[in-house]
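K.L.:
The following block contains the structure, expressed as structure tokens.
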Amino acid sequence: LFGYAPGAFTGANAKGFEGKLSQANGGTLFLDEIDSMPEKMQQSLLRVLEDKMVTPISGKPVPTDFRLVTASNKDLRKLVQEGKFREDLFYRLFVCTVRIPPLRERMEDIQPLIERFMEKNNWSIKWESKLEKVAMNYPWYGNIREFNNFLSRVAIFYPQNEPEKEELETLIQTGSVHVSQEPLDQL
């Protein structure tokens with residue numbers, strides 16, 4: 001993220017390394033899962049945002065100016081209250097928020113997501129409606145990642161032949177950390 005100067009440590013690139021913060025100069029940097037950033041890194045990032053200067057490891061401060069976009073699937077306000085995220089960094093980041101609802105709150109997206117997956121993976125089946133019905137009966141706790149992994153499993157195990165409803169449900173449960181003994185249509 002911050003880069004390092006030439007010879008900063010044993011094994012370092014002789015030319016150094018321009019960190020992501022410097023690379024983003026004049027542009028936009030996207031940081032995913034900002035909630036898992038360690039305290040020391042939060043402190044360093046806050047300093048960069050306030051001073052518009054980034055200091056590579058064993059290097060000199062370099063001016064930088066970029067737009068920062070962050071993402072989190074956790075409630076940062078709650079993490080601040082629990083002392084797990086810096087309050088001052090929270091206020092620096094929370095300028096404009098966009099909430100993207102989880103897949104379970106927008107089940108109308110299941111069908112277009114299936115179509116997109118099929119198109120992207122050159123996968124053509126005649127039982128797409130069965131796949132959609134089964135998928136609509138699961139809350140997708142892992143969101144799009146869990147859903148895409150499910151579709152990948154289906155494409156691997158059933159590239160053309162049509163599975164039974166129970167077989168599709170088993171493939172969902174196989175990739176879930178929320179394993180249930182109940183049929184999916186009763187969740």
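K.L.:
Taking 8 Å as the Cα distance limit and 6 or more residues as the minimum spacing, I'd like the relative contact order of the chain as a percentage.
P.N.:
Details: 201 pairs, mean separation 29.9, N = 187.
Averaging sequence separation for qualifying contacts and normalising by length gives 16 percent for the chain.
K.L.:
Gain in length, Glu33 to Lys133, computed as 0.36 nm per residue apart minus the alpha-carbon separation, to one decimal in nm?
P.N.:
Details: separation 100, 0.36 × 100 = 36.00 nm, distance 3.14 nm.
Fully extending the segment from Glu33 to Lys133 adds 32.9 nm.
K.L.:
Let me ask another. In square nanometres and to one decimal, what's the mean projected area of the convex hull around the Cα atoms of segment 58-139? Could you put the intermediate results ahead of the total?
P.N.:
Details: hull surface 41.1 nm².
Averaged projected area of segment 58-139's Cα convex hull equals 10.3 nm².
K.L.:
Sticking with this one: Considering only protein heavy atoms and a 1.4 Å probe, what is the carbon-and-sulfur percentage of the accessible area of the chain? Intermediate results must be reported in sequence, preceding the final value.
P.N.:
Working: 6030 of 12130 Å².
Taking all protein chains in place, the chain shows 50 percent carbon and sulfur surface.
K.L.:
Let me check against my output: what whole-number percent is the relative contact order of segment 63-141, with C-alpha pairs under 8 Å and at least 6 apart? Please list the in-between numbers first.
P.N.:
On the way: 26 pairs, mean separation 19.5, N = 79.
This gives 25 percent for segment 63-141.
K.L.:
Can you tell me the accessible area per residue over segment 27-103, all protein chains present, probe 1.4 angstrom, in square angstrom?
P.N.:
On the way: 5250 Å² over 77 residues.
Here the residues of segment 27-103 average 68 Å² of exposed surface.
K.L.:
Nearest 5 percent is fine: what portion of the DSSP beta bridges confined to the chain is antiparallel? Mind dumping the intermediate values first?
P.N.:
On the way: 4 of 9 bridges.
That works out to approximately 45 percent antiparallel.
K.L.:
What is the set of long-range amide H partners of Leu31 at a cut-off below 5 Å, with H atoms built 1.01 Å from backbone N?
P.N.:
Val69, Thr70, Ala71
K.L.:
Find the Cα radius of gyration of the chain, compare it with 2.2 N^0.38 Å by division, and give the number to two decimals.
P.N.:
Working: Rg = 22.4 Å, N = 187, 2.2 N^0.38 = 16.1 Å.
Compared with the compact-globule rule of thumb, the chain sits at 1.40.
K.L.:
Further question: Give the residue from Phe94, Phe17, Leu168 lying farthest towards the positive end of the charge dipole for the chain; charges sit on Cβ (+1 for Lys and Arg, -1 for Asp and Glu) and the dipole is referred to the Cα centre.
P.N.:
My answer, from the dipole projection, is Phe17.
K.L.:
Using bins 10 angstrom wide from zero, how does P(r) for segment 5-108 break down, in % of all Cα pairs?
P.N.:
Values per bin, smallest distances first: 13, 39, 30, 14, 4, 0.
K.L.:
A further question on this structure: In what sequence, highest mean first, do 2-8, 12-18 appear when ranked by Cβ atoms within 10 angstrom? Intermediate results must be reported in sequence, preceding the final value.
P.N.:
Values: 2-8: 16.0, 12-18: 12.9.
Ranking, from highest mean packing down: 2-8, 12-18.
K.L.:
Now for a different question. Between Arg104 and Val62, 0.36 nm times their residue separation minus their Cα-Cα distance comes to what? Mind showing how you got there, number by number?
P.N.:
Details: separation 42, 0.36 × 42 = 15.12 nm, distance 4.44 nm.
Net length gain for the segment: 10.7 nm.
K.L.:
Determine the calculated [θ] at 222 nm for the chain from helices alone, applying -39500 (n - 2.57) to every DSSP H run no shorter than 4 residues and normalising by the residue count; nearest 500 deg cm²/dmol. Show your work: numbers first, answer last.
P.N.:
Numbers: 8 runs with 75 residues, N = 187.
That calculation yields -11500 deg cm²/dmol at 222 nm.
K.L.:
Treating the beta-carbon of each Lys and Arg as +1 and of each Asp and Glu as -1, no other charges, what is the dipole magnitude of the chain about its Cα centre, to the nearest 20 debye?
P.N.:
Values: 24 positive and 27 negative charges, 182 e Å.
Dipole of the chain, to the nearest 20 debye: 880 debye.
K.L.:
Taking Lys15 as the anchor, which aspartates and glutamates have their alpha carbon closer than 16 Å to its alpha carbon, excluding any fewer than eight residues away along the same chain?
P.N.:
none
K.L.:
Now, a different point. When you count, for each residue, the other Cβ atoms within 10 Å and take the mean per peptide, how do 115-126, 42-53 rank with the highest first?
P.N.:
Numbers: 115-126: 12.5, 42-53: 15.5.
Taking the mean over residues of other Cβ atoms within 10 Å, the ranking is 42-53, 115-126.
K.L.:
Arrange the peptides 98-110, 70-82 so that the one whose residues have, on average, the most other Cβ atoms within 10 Å appears first.
P.N.:
Put in order of decreasing packing, that is 70-82, 98-110.
The values are calculated or read from the model by the stated rules, or taken from the named source; none is laboratory data. As the structure is a computational prediction, the values presented were derived from the model and not from experiment. Using ideal geometry, Cβ is built from the backbone for each residue, glycine included, and neighbour counts are taken over all protein chains shown. In case anyone asks, the SASA skips ligands and DNA or RNA and just uses the protein heavy atoms, side chains included. Shrake-Rupley method; radii C 1.70, N 1.55, O 1.52, S 1.80 Å.
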